[in-house]
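**Student:** Dropping the structure in here first, questions after.
The values are calculated or read from the model by the stated rules, or taken from the named source; none is laboratory data. In this text the structure is predicted, and so the values were computed from the model without any measurement. Methodologically, a virtual Cβ is constructed for each residue, glycine included, from the backbone with ideal geometry; neighbour enumeration extends over all protein chains shown. Areas reflect the complete protein model, heavy atoms only, side chains present, ligands, DNA and RNA absent. Shrake-Rupley method; radii C 1.70, N 1.55, O 1.52, S 1.80 Å.
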Amino acid sequence: MGLELEPLFQAWSYFRRRKFRQCSDLCSQLLERPSDEQEQPDSEYTVFQAAWSLKTRALTEMVYVDEIDIDQEGIAEMMLDENAIAQVARPGTSLKLPGTSQGAGPSPAVRPVTQSGRPITGFVRPSTQSGRPSTMEQAIKTPRTALTARPITSASGRYVRLGTASMLTNPDGPFINLSRLNLAKYAQKPKLAKALFEYIFHHENDVKNALDLAALATEHAQFKDWWWKVQIGKCYYRLGLYREAEKQFKSALKQQDMVDTILYLAKVYLRLDQPVTALNLFKQGLDRFPGEVTLICGIARIYEEMNNISSAAEYYKDVLKQDNTHVEAIACIGSNHFYSDQPEIALRFYRRLLQMGVYNCQLFNNLGLCCFYAQQYDMTLSSFERALFLAENEEETADVWYNLGHVAVARALLQTASSLAPHMYEPHFNFAVLSEKVGDLQRSYTAAQKSEEAFPGHVDTQQLIKQLKQHFAML
C-alpha cells in the first residue's frame, strides 16, 4: 500500500503538475470544513488560508492569458483612437503607414501584403494579419484572420469572452463574492493580496476592483513595491488609459529593472503608435540585459511591421544566435529568403522546423512552394498532399489548392517550352517528373524518352525511365 498524502500537500502536487481542476476540487473539500474549525489554533487557520490561496491560484491558471504579447486592435480601438497626435505622421515613425519606411527588402513588390500595405510575415501573431483601416466601411469589411477564424471585434470583447468562459469553472456560482469583499483588509496581507488580484484580474475580469485592490496594496507598501505598480499599469492599459499606464511602468522600472516591465511599456508605446520610442526602449533594455531573446525579437517585430524587412531579418538572426530553436525567428528568416528568390535557403529553414516537431498545414504548404520553386518536383506534390490532409478549415484548404494551381500551370508551360525547344532536355525532364507525380504515366514516359534523346547521359532521366518501366511491367 502506498502512503496517503496530506490533503493540502496533495492539492499542491496537483497544482505543480498543472492539474488545476483536481487541485481546485481538493481545496474546495478543505474549505468546506465546519466553520468552528477555522477558529481553532493558528495552524488550522493557516491551513484554511493556504487552501483558499491555492484554489484562487488554480482557478486563475485555468483561464490565464499572457498580457505581454501585443493584442490585436479591433474596430473600437481603431476607429475611436483618442491618443492620436497627428493625422499624418512622418515617414518611418508610424505603424499606420508601414509602406513609407525605408529598407523594405530586396523584392517588396513580390512579397504579398495586407490591405494596409503591411507585408505578410512568416509567423502568424496578433497585429500582423490585418492593418488599421482608415474608414468604418473598411473596418467592417476586414476579412477573417488566420488566428481567430472569426471576424475581428474589439479587444475588450476578447476579455468579455474570457470572463464568460471563467464562469464555467464554477457551476455553483463564483468562488469569491467580490461585492462583499473588504479590499482594504486583504491589501494589508501581501501574500493573499497578490493571489487575490490575479484572480480578480484574470478570472473574474473585474478591472475596477482589481485596480482598487492594487492601489490599496501599493499604498500599504508605501509605494515601494514595484510589482504592484506593474499591476496598476496593466489595469490602466486594459482601461485604455495609456499615459497613466506609462507612468506606472516607468516608476516600476526605476525601482526594479525587469524584462517583463520593459515589454509592457513597449506595448503601451506601440498602442500609442510610437514605434521609434519602443525601439529605443528595447535597445536600452539590451544594454542592461545583453542577449535577451524577447527584447531582440521585439525589435525585429517592430521593424517587420514598419516594412523594414532587411533590418528585421538581421535581428531575427541575432535571435537565433541566442536561441537556435526559436520558431518565430526561423519561420520569418525562411519567409524572407523565399521572397528574396532564394527558395533553396528557405527550404533549409522550413526543414529545420519540421525536425523540431512543428507539424501543421502551413509548414507543409511552405515546404511545397519552396520545393516547387527550387525545382525539386519529387517533393512538391507530396508536401501539398500532406498540407491538405492537415488543413483544419476552408481557408487553409483554399491556400493549398491555390498553390497547387501554380503546379498545374507550370506543367502546361513546360509542355509549351518543350515544343519550342525540343533540343533542350530540361523542359522534357521537368514535364516528365510533374506528369509522373500527377499520375499521367504515359506522357511522363514519352517526355522522359525525349529528355534522354536530348541528353543521353542524364542520370535522373535514366532513373525515371527505369521506374516507369517497372511500373508498366507490374500492370
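**Student:** Any idea which residue in the stretch 244-273 is nearest to Lys224 (Cα to Cα), counting only those that are out of contact with any helix residue (DSSP H, G or I) (no Cβ under 6 Å at 6 or more places or on another chain) and free of Cβ contacts under 8 Å to residues at least 24 places away in the same chain?
**Tutor:** For the stretch 244-273, the residue satisfying everything is Lys254.
**Student:** Would it be correct to say that Val407 is buried (at least 16 other Cβ atoms within 10 Å of the Cβ), touching an Asp or Glu at 6+ places or on another chain (Cβ under 7 Å), among the β-branched types (Val, Ile, Thr) and assigned to a helix (DSSP H, G or I)?
**Tutor:** no
**Student:** Of the conditions (1) open to solvent by 30 Å² or more (accessible area, probe 1.4 Å); (2) farther than 30 Å from Ala448 by Cβ; (3) part of a helix (DSSP H, G or I); (4) not hydrophobic (A, V, I, L, M, F, W, C), Asn324 clears all except one; give me its number.
**Tutor:** Condition not satisfied by Asn324: (3).
**Student:** Please verify whether Asp378 is in contact with a Cys (Cβ under 9 Å, 6 or more places away or on another chain), surrounded by 16 or more Cβ atoms within 10 Å (Cβ to Cβ) and in a helix (DSSP H, G or I), treating the condition exactly as stated.
**Tutor:** It is false that Asp378 is in contact with a Cys (Cβ under 9 Å, 6 or more places away or on another chain), surrounded by 16 or more Cβ atoms within 10 Å (Cβ to Cβ) and in a helix (DSSP H, G or I).
**Student:** Cβ-Cβ distance below 8 Å, separation of 6 or more or different chains: which pairs start in the stretch 172-201 with a residue that is of a type in the set (Val, Ile, Thr) and end on one that is open to solvent by 20 Å² or more (accessible area, probe 1.4 Å) and in a helix (DSSP H, G or I)?
**Tutor:** Ile200/Leu178; Ile200/Asn209
**Student:** Let me ask you something else. In the list Glu305, Glu292, which residue meets the criterion of being touching a Pro at 6+ places or on another chain (Cβ under 7 Å), charged (D, E, K, R) and open to solvent by 10 Å² or more (accessible area, probe 1.4 Å)? Spell out the reasoning first.
**Tutor:** Working: Glu292 fails: touching a Pro at 6+ places or on another chain (Cβ under 7 Å).
Going through Glu305, Glu292 in turn, just one is touching a Pro at 6+ places or on another chain (Cβ under 7 Å), charged (D, E, K, R) and open to solvent by 10 Å² or more (accessible area, probe 1.4 Å): Glu305.
**Student:** I'd like to know if the stretch 313-321 contains one or more residues that are open to solvent by 40 Å² or more (accessible area, probe 1.4 Å), over 19 Å from the mean Cα position of the chain (by Cα), at pLDDT 90 or above and not acidic (Asp, Glu).
**Tutor:** Checked the stretch 313-321: at least one residue is open to solvent by 40 Å² or more (accessible area, probe 1.4 Å), over 19 Å from the mean Cα position of the chain (by Cα), at pLDDT 90 or above and not acidic (Asp, Glu).
**Student:** Same structure, new question: From the list Leu369, Leu381, which one is free of Cβ contacts under 8 Å to residues at least 40 places away in the same chain and among the hydrophobic types (A, V, I, L, M, F, W, C)?
**Tutor:** On inspection, the qualifying residue turns out to be Leu369.
**Student:** Okay, moving on. Based on what the data block shows, is Thr446 surrounded by 12 or more Cβ atoms within 10 Å (Cβ to Cβ) and closer than 17 Å to Met379 by Cα?
**Tutor:** No; evaluated as a whole, the condition is false for this residue.
**Student:** Being surrounded by fewer than 19 Cβ atoms within 10 Å (Cβ to Cβ) and basic (Lys, Arg) is the filter; apply it to the stretch 198-237 and report the residue that is farthest from Lys55 (Cα to Cα).
**Tutor:** Going through the qualifying residues, I end up with Lys224.
**Student:** Quick one: Phe384 ticks every box in (1) part of a helix (DSSP H, G or I); (2) aromatic (Phe, Trp, Tyr); (3) loosely packed, with under 15 Cβ neighbours inside 10 Å except a single one, so which number is it?
**Tutor:** For Phe384, the exception is condition (3).
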